[in-house]
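**Q** Below you'll find the structure I mean.
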Amino acid sequence: MPSAEASKHEAATSPGFAGAASDKIVKNRHSPVTSAAGSAGPIIAVRGVDYTLDIASGPLHILKDISFRVEPAEVVAIVGPSGSGKTSLLMLLAGLERSTAGAVMVAGQDLTRLSEDELAVFRRRTLGIVFQSFHLIPSLSAVDNVGLALEIASPGLSLAQTRTEAAAALTAVGLGDRLHHRPSALSGGEQQRVGLARAMVARPRLLLADEPTGNLDQKTGAVVIDLMFDLARQQGTAVVLITHDPGLAARADRVLTMTQGELVETGSRVG
């Protein structure tokens with residue numbers, strides 16, 4: 001089984017994690033993985049999920065009987081102490097790990113029943129992801145980092161189309177003047193905005209964000225979150241956000257708290 005960090009790096013540069021875009025780019029290119037069933041019901045329906053790892057000292061129970069739903073276009077924050085299982089849950093939702101028991105339904109697909117090839121197609125068509133660590137390819141410019149994700153997600157596009165839409169995605173996050181800068185020439189906030197553009201350029205139905213402001217100062221993090229929320233809501237993308245920031249969590253439609261592998265709802269936004 002690959003390490004969590006290795007899986008994250010693979011996910012960040014894989015076709016499954018080209019994400020959403022502003023309304024100006026890539027209108028409805030991908031048909032859903034499922035038809036009416038995928039669009040009419042919840043975007044996420046997790047039922048009775050356990051996740052256990054076998055280690056030398058015996059079974060390690062990371063997630064215990066997790067059940068919850070997320071509706072299309074809903075923003076849900078998951079909070080809790082480090083080591084409580086938040087990131088493991090996100091990995092299950094992304095199809096990067098498999099639950100020990102229970103059903104993980106995303107966009108009408110039970111991820112526990114899909115092959116690795118089917119999971120790759122599912123990720124390409126359905127998900128975008130933003131990590132705490134930016135996971136940009138250091139040898140590529142900003143526009144090529146975004147364009148690579150779009151090229152993998154939409155291989156039928158011409159090179160000119162790919163670069164035009166990648167540039168539009170970067171412009172949508174305020175980086176129209178940084179298209180040809182490599183990551184080393186960008187600030188942390190700018191790198192995370194490139195990561196956001198990469199996660200949005202293929203218009204996913206679901207955006208997963210794992211501590212997206214964890215490596216940023218408060219002011220810069222607020223800019224990134226404003227962009228993420230605005231762009232997701234413009235196109236009706238659901239968001240599942242992991243954070244330690246109670247102020248950020250309070251901006252979500254609902255807040256779920258993970259404690260020692262158990263998940264409970266602890267808040268919802270009124271109005």
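What follows is calculated from the coordinates using simple rules that are stated; it is not laboratory data. Treat the numbers as computed from the prediction; the structure is a model and nothing was measured. Here the Cβ positions follow ideal geometry from the backbone for every residue, glycine too, while neighbour counts run over all protein chains shown.
**Q** So for Ser99, Ser184, fewest C-beta neighbours within 10 Å to most, what's the order?
**A** Ascending number of Cβ neighbours within 10 Å: Ser184, Ser99.
**Q** How large is the convex hull of the C-alpha atoms of segment 4-268 per residue, in Å³?
**A** Hull volume over Cα atoms, normalised by residue count, gives 122 Å³.
**Q** Moving on to the next point. What ranking do 43-49, 214-220, 163-169 get when scored by the average of other Cβ atoms within 10 Å per residue, highest first?
**A** Output ranking for 43-49, 214-220, 163-169: 163-169, 43-49, 214-220.
**Q** How long are the semi-axes of the equivalent ellipsoid of segment 86-159, taking √(5λ) for every eigenvalue λ of the Cα gyration tensor, in whole Å from largest down?
**A** With the √(5λ) rule applied to segment 86-159, the semi-axes are 27, 16, 8 Å.
**Q** Please sort 83-95, 66-78, 150-162 by packing, taking for each peptide the average over its residues of neighbouring beta carbons within 10 angstrom, highest first.
**A** 83-95, 66-78, 150-162
**Q** Between segment 183-216 and segment 219-271, what is the separation of their alpha carbon centroids in Å?
**A** Each part reduced to its Cα centre gives a spacing of 15 Å.
**Q** Over segment 109-204, what is the relative contact order in percent, taking alpha-carbon pairs closer than 8 angstrom and at least six residues apart?
**A** The value is 39 percent.
**Q** Segment 148-271: D in µm²/s via Stokes-Einstein (Kirkwood Rh, Cα pairs, 37 °C, 0.692 mPa s)?
**A** For these conditions, the coefficient is 207 µm²/s.
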